[in-house]
Amino acid sequence: MYSALILDDEPLVRKTIEDLIKLTCKIITKVKSTGSIDEAARILLHEKVDIVFLDIEMPEMNGIDFLNAIPNKNFETIIVTAYENYGIKAIKAGAIDYIMKPIISSELAEAVKKATAKTDLKPPPPKLIGESNGMHKEYKFQVKLDGEIKIISEEDVIFFEAINNYTRVYCLNKCIYSLPYNLKKIEAEVSCEKFYRTHRAYLVNIEKVKKILAEQSHLLIVEEDYEIPVAHKKKVQLKKFLLGKK
């Protein structure tokens, strides 16, 4: 038996897909439905999902961009849209089928058949792995790279950058990964003694800081010579935080 997630900003479309699944795809026994990108990312992170029915044109984020932001797609994606011009992008993003609205039940059933044929023996979804390390849990990040699962330790991270509803992780040796959850969640999980929020879009590993530029610049230089913005109200506090680490 299989589980599905419907991500579409139109409630009527979500209801239509749910009804068609019940009618023609009885092998799907669990269906969750949402119009929120954040909620969809949370479900994909914490729950088992075999098939995602994904809209493209949504207010919060383009569906293709959302799909591309997920590094370890442990599910099959069926695009459901009113637009014809995203076919190539959908294929490149890993979608298994492309259904036009209004939805024809036989097309949906055929797409589900394709998807369920590829859902066995999938690796686990990307997640945070907490490990006890003295006074706090050191979190490691599990991502998929070239078909293999890679574990990234806190010590390998230079900084995190918020990009819409997902987060980029910048690591040593110019390695960059994407994680399908927001920066607020990551900030709550990593060591507060090691990571500092310099800006609403940046969370920096203080151990990787090389220098703070002149007063007027509001920039921080970290390993690999990345320049990180520092919010005006954060600069004095950041200096105190850095001094406290010495």
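Extending 7 Å from the Cα toward the beta-carbon at both Lys101 and Glu223 defines two label points whose distance is 4.6 nm. Couplings for region 36-47, taken from phi via the Karplus curve 6.51 cos²θ - 1.76 cosθ + 1.60 with θ = phi - 60°, read 9, 4, 4, 5, 4, 4, 5, 5, 5, 6, 9, 10 Hz in order; Gly and Pro are left as x. Taking Cβ atoms as reference points and 11 Å as the exclusive limit, the residues near Val112 contribute a net charge of -2, counting Lys and Arg as +1 and Asp and Glu as -1.
With the simple spin-label model, which puts each label point 7 Å out from Cα in the Cβ direction, the Ala82 to Thr29 separation comes to 3.6 nm.
So if we plug the beta-carbon distance of Glu57 and Lys240 into 1/(1 + (r/R0)^6) with R0 = 45 Å, what FRET efficiency do we get, rounded to 0.05? Let's see the in-between values first.
Working: r = 46 Å, r/R0 = 1.03.
Calculated transfer efficiency: 0.45.
Once the Cα-Cα distance is subtracted from the 0.36 nm per residue extended length, the Asp38 to Glu10 segment shows a gain of 8.5 nm. Averaging Cα coordinates gives a centre for region 48-110 and one for region 19-47; these two points are 13 Å apart. The residue among Leu213, Ile163, Tyr181 whose Cα reaches farthest toward the positive pole of the charge dipole of region 152-224, with charges on the beta-carbon of Lys, Arg, Asp and Glu, is Ile163.
Laboratory data are not the source of any read-out in this text; all were calculated from the coordinates shown. Small disclaimer: the values here were computed from a predicted structure and weren't measured. In this analysis, Cβ positions are derived from the backbone assuming ideal geometry, glycine residues included, and neighbour counts consider all displayed protein chains.
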